[in-house]
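Participant: Quick one: the structure is below, and I'll ask about it shortly.
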Amino acid sequence: MPVLTISAASPVGVLPDGTPYYAPIGEVIVDGSLVTCHLCGRALRSVTAHLRAHGWTKLAYCEAFGLERGQSLEGPETRKLRAVALASRLVFEPAMRQGSAAGRARARTGALARDAARAATGRGMPEQRRRKAAAALAAVPPPLVARANRDRAARHLAGVAAAVAREQGYADLGAFVLARIEEGASLAVISREAGLNKDWLSRHLGRVNPVAAEAARRRRPQRLDARWLAALHRLGFSDVPSYLHERHIVQHRTVNAIAAEAGLTHYTIRAALRRHGVARVAHAAKRHAAGQRAAQVAGRLGFDTMAGYVADRRAGGWTWAAMAAECAQPSSWLRRQARARVPHQPRETMPNDLRAATWPARDPPPVAGVPLRAQPRL
């Protein structure tokens, strides 16, 4: 290989094989009629002719420095001289005319473009082309880019939907989905059957086929209630909402009790309560039993509620011990009944009789005319 005198300029980088280069990757430095050689940094009229001195071909040079294969490595004046020479050869050389005519014919039929695309298959995009594409994209307004991306995504989804329908033997994806939904399949199951991600139909069916998506949405509660059918028939109910209302609201059964009766998990019961709009009551059986106990005690004493009983007795000067002896209930239970009357009202804003009814056991009743913070404490 010929030995050349390297330019005094410092290299701008080093190739993976250790070869230094003196011009940026993906760029051709043109200064007037001269072009800078990446390998030695010299400014030349024609780098293409100069590459023989380095023992390189133009193809290897372009691949090494990220240039397009059709990139010219000559200055503008040299290119003009070559264009004039080529025009003369086309006039005086029959072989040149025949070759040019054959090339133009292949270009008109598209054969030349197909050959170029086939040759570029699997080849990485050079840095020069990547920069040109980025610059061209930056010049396009963002709304147009977004619209183009949406259109491309829509075309891709439509292509996937058509392929799935064709493979399953249906006219379109909606017909396939509706047929499988009628058979009780979920969108996740249908997606897997079609060879797609299990969430593909859940995410994209609304865009591909809104009619099928709406039908799937309407069928979802029925499909989820299908597992209840055996228990409903056994217990004598026609649908899930009526069963849940009867057991949870009327009979005050807990979620775990309903789950045990229906043979389902408590997670399934909670989901069904939410799905059918039945308000869930925590500790339903205990709360109902406590309410029944309070109503029975109040009725035996001649009052509608225990809160009314406590307020009446406290207004009459009764102590908590005296009331507990009268109703045969603990004083702590009586205090809870009094607090249940106004659960969200601050004690400072209560009337004196109710404030006395809800006063903690360790404190004496409030003294009239004395601020609450100044009340004596035991």
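The values are calculated or read from the model by the stated rules, or taken from the named source; none is laboratory data. Note that the structure is a prediction, hence the values are computed from the model and not measured. Here the Cβ is made from the backbone with ideal geometry for all residues, glycine too, and neighbour counts use every protein chain on show. In case anyone asks, the SASA skips ligands and DNA or RNA and just uses the protein heavy atoms, side chains included. Shrake-Rupley method; radii C 1.70, N 1.55, O 1.52, S 1.80 Å.
Participant: Below 19 Å, Cα to Cα, which aspartates and glutamates can Lys80 reach? Residues fewer than 8 away in the same chain don't count.
Facilitator: Once the sequence-local aspartates and glutamates are set aside, what remains near Lys80 is Asp31.
Participant: For the chain, with a Gaussian network of springs between Cα atoms less than 10 Å apart, report the residue from Glu63, Glu193, Glu183 with the top mean-square fluctuation.
Facilitator: Glu63
Participant: Would you list the P(r) distribution for region 138-226, with all Cα-Cα distances sorted into 5 Å bins from 0 and each bin expressed as a whole %?
Facilitator: 2, 14, 23, 23, 13, 9, 7, 5, 3, 1, 0, 0
Participant: So what's the net charge close to Leu59: Lys and Arg +1, Asp and Glu -1, counting the other residues with Cβ under 13 Å from its Cβ? Present the calculation step by step, with values, prior to reporting the outcome.
Facilitator: Working: positive: Lys58, Arg69, Arg123; negative: Glu63, Glu68.
Overall, the nearby charge balance is +1.
Participant: Now for a separate question. Work out, in µm²/s and without decimals, the Stokes-Einstein translational diffusion coefficient of the chain at 10 °C, 1.306 mPa s, Rh from Kirkwood over C-alpha pairs.
Facilitator: 50
Participant: Then there's this: Provide the net charge surrounding Glu127, with neighbours chosen by a C-beta distance below 15 Å and charges set as Lys +1, Arg +1, Asp -1, Glu -1. Show your work: numbers first, answer last.
Facilitator: Details: positive: Arg69, Arg123, Arg129, Arg130, Arg131, Lys132; negative: Glu27, Glu63, Glu68.
Charge balance near Glu127 sits at +3.
Participant: Using the charge dipole of the chain (Lys, Arg: +1 at Cβ; Asp, Glu: -1 at Cβ; taken about the Cα centre), state which of Phe92, Ser332, Ala259 has its Cα farthest towards the positive end.
Facilitator: Ser332
Participant: Can you return the lysines within cross-link range of Lys132? Criterion is Cα-Cα under 20 Å, with same-chain partners fewer than 8 residues away left out.
Facilitator: The reachable lysines, counting only those whose Cα sits under 20 Å from Lys132, number zero.
Participant: Treating only the Cβ of Lys, Arg, Asp and Glu as charged (+1, +1, -1, -1), what charge dipole size does region 91-144 show about its Cα centre? Round to the nearest 20 debye. Intermediate results must be reported in sequence, preceding the final value.
Facilitator: Values: 11 positive and 3 negative charges, 20 e Å.
With only Lys, Arg, Asp and Glu charged at Cβ, the dipole is about 100 debye.
Participant: Moving to a separate point now. Find which of Gly277, Ala171, Pro210 sits farthest along the positive direction of the dipole of region 149-281, computed with +1 on the beta-carbon of Lys and Arg, -1 on that of Asp and Glu, about the Cα centre.
Facilitator: Working it through, the farthest residue towards the positive pole turns out to be Gly277.
Participant: Let me know the charge dipole size of region 9-121 about its Cα centre in debye, to the nearest 20, where only the beta-carbon of Lys, Arg (+1) and Asp, Glu (-1) is charged. Before the final figure, lay out each step's value.
Facilitator: Details: 15 positive and 9 negative charges, 133 e Å.
My answer is approximately 640 debye.
Participant: Taking a ≥ b ≥ c as the square roots of the Cα gyration tensor eigenvalues, with a/c under 1.5 meaning rounded and otherwise prolate when a/b beats b/c, else oblate, which class fits region 1-130? Numbers along the way, then the final one.
Facilitator: Working: a/c = 2.48, a/b = 1.48, b/c = 1.67.
Taking the square roots of the gyration eigenvalues as a ≥ b ≥ c, region 1-130 is oblate.
Participant: So what does His252 come to for accessible area, using a 1.4 Å probe and Å² rounded to 10?
Facilitator: About 50 Å², rounded to the nearest 10.
Participant: Using the Cα centre as the reference, give the magnitude of the dipole from point charges on the C-beta atoms of the chain (Lys, Arg: +1; Asp, Glu: -1; all else neutral), rounded to the nearest 20 debye.
Facilitator: Working: 58 positive and 28 negative charges, 48 e Å.
With Lys and Arg at +1 and Asp and Glu at -1, about 240 debye.
Participant: If packing is taken as the average number of other Cβ atoms within 10 Å across a peptide's residues, how do 172-179, 27-34, 79-86, 68-75 rank, most packed first? Don't skip to the answer; put the middle values down first.
Facilitator: Values: 172-179: 20.0, 27-34: 14.2, 79-86: 12.0, 68-75: 16.5.
Listed from highest to lowest mean packing, they are 172-179, 68-75, 27-34, 79-86.
Participant: Set the Förster distance to 30 Å, then compute FRET efficiency between Arg106 and Ala138 from the Cβ-Cβ distance, nearest 0.05.
Facilitator: Numbers: r = 34 Å, r/R0 = 1.15.
Efficiency computed from Cβ-Cβ geometry: 0.30.
Participant: Using a/c under 1.5 as the rounded threshold, could you call region 90-240 rounded, prolate or oblate? The axes a ≥ b ≥ c are square roots of the C-alpha gyration tensor eigenvalues, and prolate needs a/b larger than b/c, oblate otherwise.
Facilitator: Numbers: a/c = 4.47, a/b = 2.90, b/c = 1.54.
Judged from the Cα gyration tensor, region 90-240 comes out prolate (a/c at least 1.5, a/b above b/c).
Participant: Can you work out the accessible area per residue across region 294-335, with the rest of the protein chains kept in place, probe 1.4 Å, in square angstrom?
Facilitator: Numbers: 2010 Å² over 42 residues.
Accessible surface, normalised per residue, equals 48 Å².
Participant: Which helices count as membrane-span-like in the chain under these terms: full DSSP H, at least 20 Å along the axis by C-alpha, Kyte-Doolittle mean of -0.5 or more? Can you show the working numbers first?
Facilitator: Details: long enough: 76-92 (24 Å, 0.24); 94-109 (23 Å, -0.91); 142-168 (39 Å, -0.26); 210-224 (21 Å, -1.17); 284-301 (26 Å, -0.43).
Going by DSSP H runs, the hits are 76-92, 142-168, 284-301.
Participant: Based on the inverse mean of 1/r over its pairs of different Cα atoms, what is the Kirkwood hydrodynamic radius of region 47-93, in Å?
Facilitator: 12.1 Å is the Kirkwood radius here.
Participant: Give me the percent of the accessible area of the chain that comes from carbon and sulfur atoms, probe 1.4 Å, all protein chains in place. Kindly include the intermediate steps, with their values, before the conclusion.
Facilitator: Details: 13250 of 23370 Å².
That fraction is 57 percent.
Participant: Let me ask you something else. What accessible area per residue comes out for region 136-191, rounded to a whole number of Å², with a 1.4 Å probe? Write out the running numbers ahead of the final one.
Facilitator: Values: 3350 Å² over 56 residues.
Roughly 60 Å² per residue, with all protein chains present.
Participant: Hey, another quick one. Just how many % of Cα pairs in region 218-325 lie over 23 Å apart, if you round to the nearest whole percent?
Facilitator: Numbers: 2634 of 5778 pairs.
So the pairs more than 23 Å apart make up 46 percent of the total in region 218-325.
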